[in-house]
Each structure stands twice: as structure tokens, then as C-alpha cells.
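K.L.:
Please read through the structure below; I'll follow up with questions.
The values are calculated or read from the model by the stated rules, or taken from the named source; none is laboratory data. Keep in mind it's a predicted model, so treat the numbers as computed, not measured. Just the protein is used for accessible areas: all its heavy atoms, side chains included, with ligands, DNA and RNA removed. Shrake-Rupley method; radii C 1.70, N 1.55, O 1.52, S 1.80 Å.
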Amino acid sequence: MNTLTLSAPAKINYLLDVTGKRPDGYHTLRMIMQRVNLCDEITISLTDNPGITVSCSSKGVPNGSDNIAWKAARTLLDHARSEIGVNIEISKNIPVAAGLGGGSSDAATVLMGLNELLQLSLTDQTLMEIGCTLGADVPFFIFKHTALAEGIGEKLTRLPDMPKCWILLVNPGVHVSTAWVYRSLQLTNRGDLNRMPQLFESIEQIVSVLSNDLESVTIPAFPVIADIKSRLKNLGAIGTLMSGSGPTVFGMFKSFEAAEIARQDVSKDTDWFTVTVETLI
Ligand code: ATP
């Protein structure tokens, strides 16, 4: 076997608390993250010509060594001391710079795919450690479970399986720089860090934790984010939140039909990216 095609899913955050800032500048976080079935498709091929190529036809995604998938392949080949050639093709379905973790998921998928193709038998733990050097969200996509993420995002605890839920993703397409969001954030002394329930047995329990500190930066600068939240609520969403550093907003629905009715309503007078997806356990 020298070619593998894998799906790289997006994620949403039900909770994103910024708990502090480390001396090296990284923020410490407390997040609840779940994968959803909106996926990039990654085809990885081994070749006898040394070097790594990455091609992706989507706007805003770099080809070659600036692509995080390239960095993932380089790091794994160095770890394995392999000089084999690798070609990677990315078919992008996850909106770029959207708060949905697309680049991190692509990188995680390349690490897992090359581990298999090269028969390296590296454990998930080792792949997660390698992934963390590429980006704080990369280990989560190797972990493959709904998780509480702490530290800079790399300390993962599996959460009990949550009830299935339909998620409407709405991305208004405004450009939000993740670096700008964290730079602009005012850290406060939070007193409510213990509000997390022990179990997530109902969608209502998930809704009760919905909170994203980064909205305090993005909503004043991009009021469209608050507009989408209130529109989705009016259209029957049980809960709504901005995912990651935005600008994607998600609405939670108990049925596909309810989410689709809301999606069609939003699409009728906007050109925003909208899709109804299902949560992955
Ligand atoms: P983050 O919060 O880390 O910015 P995100 O989910 O909001 O993550 P991504 O879609 O991962 O955003 O893209 C962030 C940036 O990374 C983009 O501006 C893009 O130019 C760059 N990038 C590099 N490789 C990729 C990739 N494979 N897919 C998407 N973006 C990539």
C-alpha cells in the first residue's frame, strides 16, 4: 500500500475559557471540544522521489512548505529518519481560518496516515506529542474523542459520550486573525471555573456550559457574530456559540429537519457559508 485517502473532520468548541497566560506568551485554556462530520479529504502517496509536495486548490490555503500538512509530513519523516518522498493532496471542505480547526485536523490526519503507510507503529501518545509541536489543537484530532482540553490545549481528558446533536454552522466570511484575538483579549480573574457538569446526558446539559471568552473580543469588532447568534436562536436553536476564535457560529438542534429549516432561512438572504452537520462521538 502506498496511497491512503482519509477524512479530516472539523471541530467545534462548547466551552473556551482563557485561564491565563504563560511566560512564553501562550494562553492557557480550558475547552470542551467535539468533532463534527464536515471533513477535508486528504490523499497521501509515497513516492521514490524524495521531498514533500502539498497541493490544495482552495483560496487562502498555502501550497508547499507553508501548509501545516507539509510541516506534519516533514516532522514525521524526520522522526522516522525516512527519506521517502510524500505527495499530499488536500480537498478542502472546512472553511479556512474559521475557528473550526481545519489546518490542525489536516496535520493530525497526515501524522496518522503516514504512521500507517510507513508502518511505524507509533502510539497515539507519541503522535499527539509530535502533533503538539505543530499546533495546540493537533493532539485533539489524534485523540479522536470529545474532550476537555487544558494546558494550551494539549492536556486531554475524554468526556462521556454526549447525545447526538445536529449542528448548523454559519460562517459570515469576515476575516478574523487568531493572533489578533488573543492579543486583544483582556484576561479577567474568573470566579466561575467550576460550573462544568460531571455528565453530559442531555443536549440541555451541553447548552448549559456554552461559553467562549473570545467572543468578548470578536463580537464588538464583528457584530455580525452576535446577529447570527440571535438569528439562530429565533430560528429555534437550543444553544448558539462562536467556535474557537471565530468567526463561525454554530447553532444546536435536536433534529436534522429543524437545523435545515434554519439553514435555508439564513441562506435565502445571505451568501454566508452554511452547512448542517452531525456531531461525532
Ligand atoms: P486557528 O484557530 O489555529 O487559526 P482555524 O481553524 O481558525 O485555526 P485554519 O483553517 O486551520 O484556521 O487556518 C489557519 C491559517 O493556517 C490559514 O490562514 C491558512 O493560511 C493556514 N493554513 C496552513 N495550512 C492549512 C491547511 N491545511 N488548511 C487550512 N489552513 C491552512
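K.L.:
Normalised radius of gyration for the range 49-110, please: alpha carbon Rg relative to 2.2 N^0.38 Å, two decimal places.
P.N.:
1.11
K.L.:
Build a GNM of the chain with springs between Cα atoms under 10 Å: which of V170, V110, V207 gets the top mean-square fluctuation?
P.N.:
V207
K.L.:
Same structure again: What are the residues whose amide H is under 5 Å from the amide H of C165, where those residues sit 5 or more places off or on another chain and H is modelled from the backbone?
P.N.:
Here T279 satisfy the definition.
K.L.:
Compute, for M128, the solvent-accessible surface of its heavy atoms (probe 1.4 Å) with the complete set of protein chains present, and express it in square angstrom to the nearest 10.
P.N.:
30 Å²
K.L.:
What span do the alpha-carbon atoms of the range 166-278 cover on each of the three principal axes, reported in whole Å from largest to smallest?
P.N.:
41, 36, 20
K.L.:
For the chain, set up a GNM with springs between Cα atoms under 10 Å and report which of L127, L199, L156 has the largest fluctuation.
P.N.:
L199
K.L.:
For the chain, what does the convex hull of the Cα positions come to per residue, in cubic angstrom?
P.N.:
Considering the Cα atoms of the chain, their hull volume per residue is 129 Å³.
K.L.:
Gaussian network model of the chain, Cα springs within a sub-10 Å range: biggest mean-square fluctuation belongs to which of L100, L148, L185?
P.N.:
L185
K.L.:
List, largest first, the extents of the alpha carbons of the range 3-158 along their principal axes, each in whole Å.
P.N.:
47, 31, 27
K.L.:
Quick one: which residues, 5 or more positions from T28 or on another chain, have an amide H under 5 Å from its amide H? H modelled 1.01 Å from N in the peptide plane, none for Pro or chain starts.
P.N.:
Here the answer is T19, G20, K21, R22, since their amide H atoms fall under 5 Å of that of T28.
K.L.:
Among the listed pairs K11/K59; K71/K164; K21/K92; K92/K164, which are separated by more than 29 Å between their Cα atoms?
P.N.:
K71/K164; K21/K92
K.L.:
Sticking with this one: Could you order F140, F222 by accessible surface area, starting with the largest, using a probe radius of 1.4 Å?
P.N.:
If we order F140, F222 from most to least accessible, we get F222, F140.
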